[in-house]
Each structure stands twice: as structure tokens, then as C-alpha cells.
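In what follows, a single structure is set out as C-alpha cells and then discussed.
The values are calculated or read from the model by the stated rules, or taken from the named source; none is laboratory data. Predicted, not measured: the structure shown is a model, and the values here were computed from it. Neighbour counts run over all protein chains shown; Cβ positions are idealised from the backbone, glycine included. Heavy atoms of the whole protein, side chains included, go into the accessibility calculation; ligands, DNA and RNA do not. Shrake-Rupley method; radii C 1.70, N 1.55, O 1.52, S 1.80 Å.
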Amino acid sequence: MVFSGAVKLGDLNDFIAPSQACVVNLAPKAKLDAIEVQVHAVQMPPTRKDPKGFQQTQLSGDAVKVSLQDCLACSGCVTSAETVLLEHQSTGELLSALQSNKTVIVSVSPQSRSSLGVLHQLSPSETAGKLVHFLKSLGASVILDTTSSRDIALLEAAQEFIARYTAKHTEHAAAASSGVAASMSSDQDERQHSHAQAGPSNASVKQPNGCASNDVSNPQLHHGSANGAEQEAGPLPMLASACPGWVCYAEKTHGSYILPYISTTKSPQAVMGTLVKRFLGHQMGLKPEAIYHCAVMPCYDKKLEGSREDFCIPGTSVPEVDSVLTTSEVQQLIEQQGATFADLPCAPLDSLLGPGCSDDQLHKVHGGSGGYLEFIFRTAAQQLFHKQLPSGPLPMKTLRNADFTEISLDVEGRTVLRFAAAYGFRNIQTLVRKIKRKACEYDYVEVMACPSGCLNGGGQIKAHKGQTSQQLLDELDQHYHAAELVERHPSENAIVPLVYKQFVGGRVYDAAARERLHTSYHHREKSVSAMIGDW
């Protein structure tokens, strides 16, 4: 079993502490014998006698299954999501679903696409096209790129930050409100300049595939405060929530103290799950339980995210993401099926716009982990301080190491925004200590568990013989930001305003959006044996 980059940091003593017995009650009607354990004359709660390393609780009778939800709520025998052989998170389960009467929909992350593209020496469009053909040859009905869900996540996260910032700095509240109008006016001017023949901004937008959607971006994409939807804003710094490894660590290790700082915006995977089961499914005339949604991601911890009860259809136990396959697992599936990936024909990606529509153009953002820092920094600079930053990657300053970088915005000789990116648990622990001491100087931090971020996720395809990890990472970065990929503002995605109009029924970060596109986090108690390990 492959481990994520986060788990390879073996000298860290956090929630990755091994347990000596499963803490889940596998037989509710049976009582386990309570046996006392003494550690340096300190009386400890009941556990098994003389534990030596890992010991699974043994019970007689019928076998009992332990779900991933049980494991998520425990830092016991499971050291990380990657160490569990998950029967519902495997290629075998996907193949079984393909043989069932369910409609199988697969969503693919840009990071996974880049990993496959680098391995097979294919361009982004060739990689996407061949992967669509391969998956549909197995029986999948719809193959989506997660760019649209990423765009929605970026818009929501940016306005969530604006709300938090203006709550703390009330003098900028009026500027933020006027900044939205200025930002939208700027976006509209840019679209009119680049599409002079496209007609009015509220006209029907013609997709390259012939599908049309109403461009309602002007009225629909204002942030929610314009609707009078108020909510108590969270504290600063706002911490990114797209990395499930980081979120799980925060829930288990730092609990209620750190959780309010974490952005409530769903990750692109979770947003896509919501859209697949509740938006696209409705257009296809399918109930959520009739759809099997598989996400292809660069990280094993995404399996853990997909299993959270928070990401089930409200009021049911139907998950919005049924399974997650890592990039390396998809490559193994390709090999198991005897396919020569580079020789496969190409097929077009499908679209959230509905059946018969395709997504012909791939898009990109700056930053290999979804572009959160870049997009939120630019949005805040424009909406709060009316500063239009130049295009291209932001000039990040490297601090203690290559995985800890920062950028700031100065206005009239005063620093008004300070953002950072903290990748890997060494840097995360430094950040958390600063927050606990109330000495954190940042307004926003893009936090990722894996060193170098999502392109270096533990589920990505490994370097080949003779290739260093850094050489592979450089190739992945070039592929991820390839020239053929078009850069665009998330609000320019024709699918985005349609989602807000037809599914959300509101605007970015208003009450309706927060209900459907945001989530919450939970303090998860450590097991006794994990606390002994920490002690």
C-alpha cells in the first residue's frame, strides 16, 4: 500500500500514532472485559492486557464490518486513510458498479490528468481524450473534468475570505461592497474586449459543442451580502480546506481551537459530488441513488473525504462521491485491462450542462493545488483595495523552506494583506503553533499536507528509474500549466452562473450557497492508546 507524502514524515508525532486495539464497539450487545493498564503509576482507562504493537480486537460470532466513518472518528488502529484496504474505494468496486444497473459518472482532477500525461508523454488534451475513451469503453456513461467545481469552490472561498476580512476590518466593508461591482465591471469589460462579436452580456452563450446556456453571470455572481444574508464571519487567518489530510489532522489533533479558522467552502471534489448527484442527475432524470460517482484524485486522503457523512445527500445515507481512485490506481486499471494508453483514440469530455454536451477546452489556474492563494489574493486586492494585479504567477517569497512561501500587498506604505502557502506537516505545525500563540501574521494560508502540494500527492504516479522526484515534479508542473490550457476567471465559466441560477437559487456565498456548497468540521476525540503514544 502506497503512503502519502504526509505519512512519510515519520518523525512527526501527531494523529498518525498507531493504536493497540480497535476502539469501535464491534458488538454493541457484548461487553469487552476491562483490563487495567498502568503507565508510570498513572491509572489509565480500560484497554487490552499487555498490548504489543497492533492488536485487532477479537470477538466471536459473525464478522462485523468497520466502516471508514468509524476509522475517521478514531486515531486508533488506522494510522492514515491510505493504510486501510477499503472495499468501497477500489478499482474492483468501480468495475462492479460498471456491471450494475447504475449510471457511472467519473470526474477527473487536473493533477491526475497531468500525472497520466507525463507518464505517457501526452499533451493535456490527448490525455483527457484517451482517458475518456478508456473509461467509456469499460461502461462509464459520463466523464467530467473537475475544473467547473474548482471554479465554484474558488468563488465561494474568495467571498468567504472577504466576509471574514471585512468583519475584522470594518472600515473595508463599504469598499468590499463597491469592489464587487468594480470587479464585475472589469470582468465584463474584459469579456467584451476579447469577444467583441459575442453580443450583449446577458445573451445566450454558445459553447464550442453547440450547447447553450444563459449567461446570467452579472446578476447571479454578486456575493451574498447583497442579498441581506448575514452570517457570523469566522476568524482570521482563514485556512484552506481543500486538503483532507490537513482537515483530518486538525480535527483529531487540534480540535475546536483550530477548526473555526478553516474555510467552510467544500473542496472541488465535494462540490463536484454535489453537482453530479443533485444537479446533473436531475438534468439526466436520475435519482441520486441511481448514480455511481467515482472521483479520480492525486491523493489517497481524498478517499477519506469522500466517506464523510457530511458529504451525503441531505437526509439520506447516499454519498455524493461513491468512491475515489488515485491516479496510480487508474494507471493500474489501465494495465490490468491490457490497454496501451498512448494508442487509444480520443473522445470528448462531457459537460455539467447535460446530456449531449461536451467540454472541448481545458482550462488552468496558477498554482498546482487548485490556485486558492492566487485567486483569493487577487480578488481581495481588487474588491477591498481596488488594486488590479498584473497577470501571471504572483511573486511569492520563499521563507524557511521551499514549501513555506508568502506574499503581501502594501497600500500607501502599509501592509494590508499577507498570504502564505504552508505545505507539509512540518510547516503546518509551525503555523498552528503561531495561531495558538495568537502570533500569526497572515490573513489567509493555503494549507496542504503533501510537500510541494497536490501535484506531489501520495496517489500520483511515481518517478521512473533514473528520474528524481524533483525532475518529475518539474515535468508535472509544466504539464499542469501547459500553453494549450486557457486561463480564465471562474466567473467566465458558462456552467457557473447556470449552477447558481438553477441549482443554488442564489448568489455566491449567500445563505443558499452556504447551505449547498459549504460544510462543517468536527472535533474528533483521540483514542486512549493514541494519547498514550503522544504522552
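Screening the stretch 506-535 for residues that are open to solvent by 60 Å² or more (accessible area, probe 1.4 Å) and over 23 Å from Ala240 (Cβ atoms) and picking the one that is modelled with the highest pLDDT gives Glu525.
Checked against the criterion of being over 23 Å from Thr264 (Cα atoms) and of a type in the set (Asp, Glu), the candidates Asp310, Asp403 yield just one match: Asp403.
Considering the stretch 84-109, and only residues there that are modelled with pLDDT under 90, under 21 Å from the mean Cα position of the chain (by Cα) and not small (Gly, Ala, Ser), the residue that is farthest from Lys130 (Cα to Cα) turns out to be Val84. Within the stretch 385-398, residues that are touching a residue at least 12 places away in the same chain (Cβ under 8 Å) reach partners that are open to solvent by less than 40 Å² (accessible area, probe 1.4 Å) and part of a loop (DSSP other than H, G, I, E, B) with beta carbons closer than 9 Å, at six or more positions or on different chains, in the pairs Gly392/His366; Pro393/His366; Pro393/Gly367; Leu394/His366; Leu394/Gly367. When Ser317 is tested against (1) buried (at least 19 other Cβ atoms within 10 Å of the Cβ); (2) more than 21 Å from Thr146 (Cα to Cα), exactly one condition is not met: (1).
Counting only helices (runs of 4 or more DSSP H) that sit wholly inside the stretch 266-355, those with at least 3 residues that are of a type in the set (A, V, I, L, M) and in contact with a helix residue (DSSP H, G or I) (Cβ under 9 Å, 6 or more places away or on another chain) are 268-275, 327-336. The set of residues from the stretch 401-441 being within 25 Å of Tyr257 (Cα to Cα) and more than 22 Å from the chain's Cα centre (by Cα) comprises Leu417, Arg418, Thr430, Arg433, Lys434, Ile435, Lys436, Arg437, Lys438, Ala439, Cys440, Glu441. Would you check which residues across the stretch 261-281 are in contact with a Pro (Cβ under 9 Å, 6 or more places away or on another chain) and open to solvent by 10 Å² or more (accessible area, probe 1.4 Å) and list them? Across the stretch 261-281, the qualifying residues are Tyr261, Arg278.
Being within 17 Å of Val324 (Cα to Cα) and either at pLDDT 95 or above or part of a helix (DSSP H, G or I) (or both) holds for only one residue in Ser137, Ser125, Ser115, and it is Ser115.
Scanning the stretch 357-369 for residues that are out of contact with any helix residue (DSSP H, G or I) (no Cβ under 6 Å at 6 or more places or on another chain) and part of a loop (DSSP other than H, G, I, E, B) turns up Cys357, Asp360, Gln361, Val365.
Could you please let me know if Asn456 is polar (S, T, N, Q), more than 25 Å from Leu409 (Cβ to Cβ) and open to solvent by less than 10 Å² (accessible area, probe 1.4 Å)? No.
Checking each residue in the stretch 112-165 for being hydroxyl-bearing (Ser, Thr, Tyr) and under 24 Å from Ala463 (Cα atoms) picks out Ser112, Ser114, Ser115, Ser123, Ser125, Thr127. Summed over the stretch 464-484, residues that are more than 21 Å from the chain's Cα centre (by Cα) and open to solvent by less than 40 Å² (accessible area, probe 1.4 Å) total 3. Scan the stretch 234-265 for residues that are in a helix (DSSP H, G or I), more than 27 Å from Pro110 (Cα to Cα), among the hydrophobic types (A, V, I, L, M, F, W, C) and touching a Phe, Trp or Tyr at 6+ places or on another chain (Cβ under 8 Å) and the total you get is 1.
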